[in-house]
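A short worksheet on the structure shown next.
Laboratory data are not the source of any read-out in this text; all were calculated from the coordinates shown. Since the structure is predicted, the reported quantities are computational estimates derived from the model, not experimental observations. Methodologically, a virtual Cβ is constructed for each residue, glycine included, from the backbone with ideal geometry; neighbour enumeration extends over all protein chains shown.
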Amino acid sequence: MALSKTYQPIANDASTARTPASDELRIINRTENAVLTGWQAVRISRGIERMPSDFEVSLTQKVPDRFWCPLKAGDEIQVSIGSDVVLTGYVDRMSVSLSSDTHQVAIAGRSKTCDLIDASAEIRDWRGYRQGDTLMSLAEELARPYGIEVRSNLPAGAMPTFPTFTANLGESAYEILERVARYCGVLVTDDVDGALLLTRIQEVTLPDVVTINGQLAEGNLKSAGIRVGVQQGINVQRAVRHVSVSSRFSRYTVFPQSVETQRDQTAALGVTIPDAFCEDEYLGRNRQLYIISEQYDLGQSLAQRRAIWECNRRAGRGQATLATVDSWRDRDGKLWEPGSFVYTYIEAVDQSGYPLVVADVTFTRDVETGTTATLTLMEPAAFAIAPMSLAPTTWDQTQALQEAGAITQPVAGGHH
């Protein structure tokens, strides 16, 4: 059984490892302090809505007649492309295969945040969290038992708070945190260091001047926070643009409760709750959707926000572009990053000159297709967070609040 030296793994001491090539894939085994290179097939996936990030690699063994690999399931690892770290976590599983002409090892792993998804949350007090706690303090408490750092790129002083709520025994830390993050309008993901990241997609404005003498005004785009690098005829190998209206409607009407329950309560309390609605004029025909929101109080705020969210998110999700480019890096040599804005020009699929958000990126390398990155690109509205109620009130509680004057008649009107 012959080995190809190109795919032979090389283990070096991590402290004395040479400087890697810009796109060399390396796995640093932190448990054994070794660096492994020379991978035959590579896939690394990261996304703004993907947690944890994950990877798969395979290699031909150095000694084909016996098992050899300085990695084992459970080892702490760091995956890097060149000098740039792309994932920090653990080896989840290994598969060893033998055939007449190959002897291979396949390795798969995930970010350190996998423990927040797989394991049950360790909570200081199951009776509930106090009103006024911040999302950051909750995330830090849930992540601390697993040795996971919490980071945020939200503006200073903008960390949301939340009302009192109760966690359920057996819930994972991620299930609790994701629910509260939705209430706060924040996305929960991970970063390259295996830390938990609290973030939002921020809007960018396309500069007035995008091209000069037929060439992209790259300086203007970069000043606006927009990357350059997904262009037909330059680096796009394949592209598919999906446009669908099957999930879009002309009007979204949201009811705080079912119609009959709402009628009973409003009649008893003597209040009138106007429709919470949002209209989408894109379709040009009547096509309505009625929704019961996740709340049991009589306030209109959550229902109205839900109507706006349904309209915006469905419009954003109705358009997506998948582009495979010939490099793991953009024109400035930076790795493609989830959550970043990229100026996308692929005229052949009717995607002409617009900044889109990198929703997901998959770095791939194999002997058939070489080195590529597949980007899922969407409009910012696709990442709007679904509003929800953390502490819904029952009918008896609502009546008591009304009698105490804590619930007032909402302002009439809808959002257009």
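A crude spin-label estimate for the pair R43 and E122, with each label 7 Å from Cα along the Cβ direction, gives 3.4 nm. Take the Cα of Q288, step 7 Å toward its Cβ, do the same at D275, and the gap between the two points is 0.5 nm. Taking 12 Å as the straight-line reach from the Cα of K334, the aspartates and glutamates in range (excluding those fewer than 8 positions away in the same chain) are D23, D84.
Compared with the alpha-carbon gap, the fully stretched path from S172 to E368 is longer by 66.6 nm at 0.36 nm per residue.
Each other residue within a Cβ distance under 13 Å of D366 adds +1 if Lys or Arg and -1 if Asp or Glu, for a net charge of 0.
Annotation: extensible slack from E24 through T211 equals 63.9 nm (criterion: 0.36 nm per residue apart, minus Cα-Cα distance).
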